[in-house]
Structure formats: structure tokens, C-alpha cells
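Engineer: One structure, pasted below without further comment.
The values are calculated or read from the model by the stated rules, or taken from the named source; none is laboratory data. Computed from a predicted structure; not experimentally measured. In this analysis, Cβ positions are derived from the backbone assuming ideal geometry, glycine residues included, and neighbour counts consider all displayed protein chains.
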Amino acid sequence: MSHIHDQAMHYIYQQVLESLLGHMTQPQRASLQLLIQRLLVTSGGPEYIGDFKLLVVQGADNRSARLLAILRAAQLSIALRAPLTFQLEVRVVGLPATGRALLEQHQRCFDTLFLHDDPRVHLQMVAAGRVVPFDRQPRACEPWALARDAMLLFGHLIDSRPEALLGSRMHLELAAAVGLTGEDQPCADALVTAMPVGKRRRYLAWARRGLRLAGDTGQLTATPCLASLAERLRQLHGLAGLPVGEPEMPSHEPLAQAPMRLLAIDDLLPQLLSEGALDRMMDQPFAPSQDAMPLAAYLDPLAVAQLQELRARCLAPARPREPLRLVGQRASGSAQRPQPARLTQVHGVDQAQLICMLYGPFAEQGRGLEHFLQCRHPDMLVALPYLHRALQGKSCPDAVKNWLVNTSGLSLRHLRVVYAGHLQHVTRRLLAALARRDVHLRLLPRPVDREASS
């Protein structure tokens, strides 16, 4: 029975390969052969290709789907000529979580390429800070509590502008997701990327500066071990995530296992990932990505748009209690139910907590607290002295404490850190550096005072 099953699977894989090749252009097929040669050389030769494990980080865009299809074609082409082929580790990443709709789209993409039943393919996803087997159903533990608290703290303490809040911090989130590995399995041999060399150098320079600001004394060469770099950036992400207490950057120690290399195919990118018949085979599972945003494959563009719209409404002159609705939400009088805000779904915060973060009322000993109450919660103005007492750690009614926690989404311990502004010097420097770069890692202008602009 096993022999019959193997024959049937071999026939299915051959059909998948023929379909992939049939939907490629002549330049794409030529580039595929160059990619196969590059994989054989990187693995050490045909005799070692069976032990070679390639990691690809799967984003929610058509370019990621095309890249996966090309890698699948290379895997099956090698298997047709040799007894063994490389292993493919596909890691689905959403920042900080992946919604049901995107998981369904990934599922359709994987089904088209017949990945689920192939022992040479390992389908994974990052959920709640762990790498788990891919599942089209979102994990009940999502969204990540730490990611939510990190975003809120960063917005209250440093900068709530969408381009800063969802800017270079997202690179740390992505590095943390790439650096996650199971305890019982070694890291992949190589990470495949189509990122152009100029952007890779910019990313490496940004990572080097961030690690230096955090006190990491380890050397970062032009071609580092990616597993080591991802682990150090994951530690940096933890340091920048919840800046409470006295965190220290762990000393850098080289990994005992073989280093994970970088397999760059940006020179093959125009031919391999150009639009064409391959999209029709994949049924174009994803909406066109925003080319202007490098992390569009991992960030929900509607969530970003909602945050930008909400911030613009917060900065505009507003009458007390004037409702602030996110993009895509209908008026309360509409016959249809309002569309849930994508940002609140992904990050696990409600709209009131986002508005509170965008006003930033607790920083600098609550300098903007009275203005915030006047604009959004005028009925709490009578409790202003008690709010200050709670933020100072003094005794006050429990109702006041509960209001602070529910309105901000943060614990009293975190709120008192924001109020007092007590941050370790290293942490403050690191957070300030993160706030100055957008998702392109380009320099942002200095933020405008939130209360003055309101």
C-alpha cells in the first residue's frame, strides 16, 4: 500500500510541477534554472541537497505567493532529477497576529501547490509568540497581549504617530518572528529573500545602530548569521517592548549550531516575480500590496489607514463627546451593523483605548490629562484630582483606578511609569531611535506637541 501511495503522490507532484511550468514565461523558466543552480551550490552540492532546509517568511501579498510557487517549482524540479530535494520551511507571519481571512487565503495558496501532504514541506505560523503548525483557524490566544501593551506604551511614552508607531518597531516584530524556532529542531540552513541589496544594507545599518544603543557589544558583519542576528533583534524587541524596570541587553554568544545564511534572489526578482499567468494559477489569492510600504505583506493596510484617520480626528478641534469612528465604520443609525475596526481586532485594544493613546494624556505628570477629559470625558473632570493621585501611587477610590485601566488598556503599574517618565537611559535612547524611522527606515520629522496641535 505504501508503494502505491508513493506512486500516486509522485504523479500528483509531477502534475503540480507541469502546471507551474506551464504558467511561467520563458524568462521565468530560465530564471528558475538559475535559482536551482544557486540552491545546489548553497547546499554544498547535489549530494547534500536532501539535508538542506530553506526558510521563507510568507507574507499576505501576491509577490510572496509567487515566490512560494517558484520555490515549489524548484523543489519539485530537483526531485524529478535526483532522489532527494531540499526541505522547505514556510512560516506565515502577521504583525502582531494573522486574521481568519488571511489564513484562509494562505490555505488556498498552499492547496494549489499541494504543500500539506508533502513531508518535505513544513508549514508553520507565528501565534502568541510561538512557532506552531499552520492552522487556518486563528488561535484563541491571539492577539498578543505583549504586543498590545508594547504598542500602547510606545504611543503614550514616545510617539503615537502611525508612521512611528507602526514603523521601525515592526521590523523588530518581524525579526522576532523570524528568530523564533522550536526547541526540538535546529534552525534552517538559509533564509531566502528578494530584498534588494540596498535595502539589505540599510536594514543592517539600522540593526547595528539599535543593538549598539542597547549596549550589545557583539560584532555584526556584512554577512552575519541570520539566526544570531534575529535572536539579538528578538532580545532588542523584548527590551523595547515593555520598558519597565531595569532591562539589560544579554551578552552576545555565538550559536553552537551551524549559521543560517542568506539566499538573496533579488537579481532574479524581475523575471521570477513579475505579474502574469502564474497569478491566474494561484487565483490571485491576495489583494495588490502597497508598493510604497515594504511591510505591506505583514501589516493590514486598512488597520494603518484607520489609525491615521483616527489620529487626524483627535487632532482636529472637536466638541465634547463628539463620536470618533474609524474608517469603514457606519453611523449608528444605519440599518446595518458597524464594521469592526481592523486595528482593534488585530491589536486587541478597543477604540477608546486607541483614542486615549493618541491624546497621550498621562505623560509628563499628566500635562494633557485635563485637555483629554474636556474633549472626550467631560464627566470625569470632577475626578481630576483623584486621577492624579492614582497615577502618583497615592490612595484613591477603586472606581477611579478602574476607569484609568479600562480607558487606557494599561495596568496602573505601566500608567505610573508613563506619568513619572522614569525610563532607563538606554531604553529611552533606543525607543527614541525607533520612533525616528518609518517602515522604510527613513528619518521622520520631530513629533509636534499633541496638546498644542489640538
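Engineer: If I filter region 77-111 down to residues being among the hydrophobic types (A, V, I, L, M, F, W, C) and without any contact (Cβ under 8 Å) to a residue 40 or more places away in the chain, which single residue comes out as surrounded by the fewest Cβ atoms within 10 Å (Cβ to Cβ)?
Structural biologist: Result: Ala101.
Engineer: Could you count how many residues in region 186-206 are farther than 17 Å from Arg261 by Cα and among the small types (Gly, Ala, Ser)?
Structural biologist: Residues that pass the stated criteria total 2.
Engineer: Exactly one condition in (1) over 25 Å from Ala297 (Cβ atoms); (2) part of a helix (DSSP H, G or I); (3) out of contact with any Phe, Trp or Tyr (no Cβ under 6 Å at 6 or more places or on another chain) is false for Leu84; which is it?
Structural biologist: (2)
Engineer: A follow-up question, please. Output the residues belonging to region 33-61 that are among the hydrophobic types (A, V, I, L, M, F, W, C) and closer than 18 Å to Arg120 by Cβ.
Structural biologist: Leu35, Ile36, Leu39, Leu40, Ile49, Phe52, Leu54, Leu55, Val56
Engineer: I've got another one for you. Exactly one condition in (1) more than 29 Å from Val90 (Cβ to Cβ); (2) modelled with pLDDT under 65; (3) surrounded by fewer than 22 Cβ atoms within 10 Å (Cβ to Cβ) is not met by Arg212; state its number.
Structural biologist: Against the list (1) more than 29 Å from Val90 (Cβ to Cβ); (2) modelled with pLDDT under 65; (3) surrounded by fewer than 22 Cβ atoms within 10 Å (Cβ to Cβ), Arg212 comes up short only on (2).
Engineer: Got a sec? Which of Ala140, Ala74 is surrounded by fewer than 20 Cβ atoms within 10 Å (Cβ to Cβ), among the hydrophobic types (A, V, I, L, M, F, W, C) and either modelled with pLDDT under 90 or touching a helix residue (DSSP H, G or I) at 6+ places or on another chain (Cβ under 7 Å) (or both)?
Structural biologist: After applying the criteria, what remains is Ala140.
Engineer: Moving on to the next point. For region 347-383, name all the residues that are surrounded by 14 or more Cβ atoms within 10 Å (Cβ to Cβ), farther than 18 Å from Asp149 by Cβ and hydrophobic (A, V, I, L, M, F, W, C).
Structural biologist: Leu369, Phe372, Leu373, Cys375, Met380, Ala383
Engineer: I'm checking my understanding of the structure. Among residues of region 44-65 that are crowded, with 21+ Cβ neighbours inside 10 Å and in a helix (DSSP H, G or I), which one is modelled with the highest pLDDT?
Structural biologist: Ranking the candidates gives Ile49 first.
Engineer: Would you mind listing the helices (runs of 4 or more DSSP H) fully within region 341-419 where at least 3 residues are among the β-branched types (Val, Ile, Thr)? If you could, list the steps in order and put the result at the bottom.
Structural biologist: On the way: elements: 342-347, 351-359, 363-366, 369-376, 384-391, 398-408.
Helices (runs of 4 or more DSSP H) meeting the threshold: 398-408.
Engineer: Same structure, new question: Please indicate, with yes or no, whether at least one residue in region 25-44 is in contact with a Pro (Cβ under 8 Å, 6 or more places away or on another chain) and touching a residue at least 12 places away in the same chain (Cβ under 8 Å). Before the answer, list the steps.
Structural biologist: Restricting attention to region 25-44, the residues satisfying the condition of being in contact with a Pro (Cβ under 8 Å, 6 or more places away or on another chain) are 40.
Checking the rest, the ones that are also touching a residue at least 12 places away in the same chain (Cβ under 8 Å) come to 40.
Yes; the residues of region 25-44 include at least one that is in contact with a Pro (Cβ under 8 Å, 6 or more places away or on another chain) and touching a residue at least 12 places away in the same chain (Cβ under 8 Å).
Engineer: Does region 87-127 hold any residues that are under 21 Å from Leu17 (Cβ atoms), among the aliphatic types (A, V, I, L, M) and either in contact with a Pro (Cβ under 9 Å, 6 or more places away or on another chain) or in a helix (DSSP H, G or I) (or both), and which are they?
Structural biologist: Matches in region 87-127: Leu123 only.
Engineer: Give all pairs with beta carbons closer than 7 Å in which a residue from region 169-182 that is over 25 Å from Leu443 (Cα atoms) meets a residue that is at pLDDT below 80 and of a type in the set (Lys, Arg); count only pairs at least 6 apart in sequence or on separate chains.
Structural biologist: Within 7 Å, the pairs are Gly179/Arg234; Leu180/Arg130.
Engineer: Of the residues in region 34-43, how many are in contact with a helix residue (DSSP H, G or I) (Cβ under 7 Å, 6 or more places away or on another chain) and either under 12 Å from Ile265 (Cβ atoms) or at pLDDT below 90 (or both)? Give the steps one after another, and end with the answer.
Structural biologist: First, pick out the residues of region 34-43 that are in contact with a helix residue (DSSP H, G or I) (Cβ under 7 Å, 6 or more places away or on another chain): 34-36, 39-40, 43.
From the residues that got through so far, the ones that are either under 12 Å from Ile265 (Cβ atoms) or at pLDDT below 90 (or both) too are 34-36, 39.
Number of matching residues: 4.
Engineer: Can you confirm whether region 69-80 contains a residue that is part of a helix (DSSP H, G or I), closer than 30 Å to Ala176 by Cα, of a type in the set (D, E, K, R) and in contact with a Pro (Cβ under 6 Å, 6 or more places away or on another chain)?
Structural biologist: Checking region 69-80: not a single residue is part of a helix (DSSP H, G or I), closer than 30 Å to Ala176 by Cα, of a type in the set (D, E, K, R) and in contact with a Pro (Cβ under 6 Å, 6 or more places away or on another chain).
Engineer: Being modelled with pLDDT of 75 or more, charged (D, E, K, R) and either touching a His at 6+ places or on another chain (Cβ under 6 Å) or under 30 Å from His422 (Cα atoms) (or both) narrows it down to one of Arg232, Arg280, Arg261, so name that one.
Structural biologist: Unique residue meeting the criteria: Arg232.
Engineer: How about region 409-431: which of its residues are surrounded by fewer than 20 Cβ atoms within 10 Å (Cβ to Cβ), more than 27 Å from Arg212 (Cβ to Cβ) and in contact with a Leu (Cβ under 7 Å, 6 or more places away or on another chain)?
Structural biologist: Leu412, Arg416, listed by residue number.
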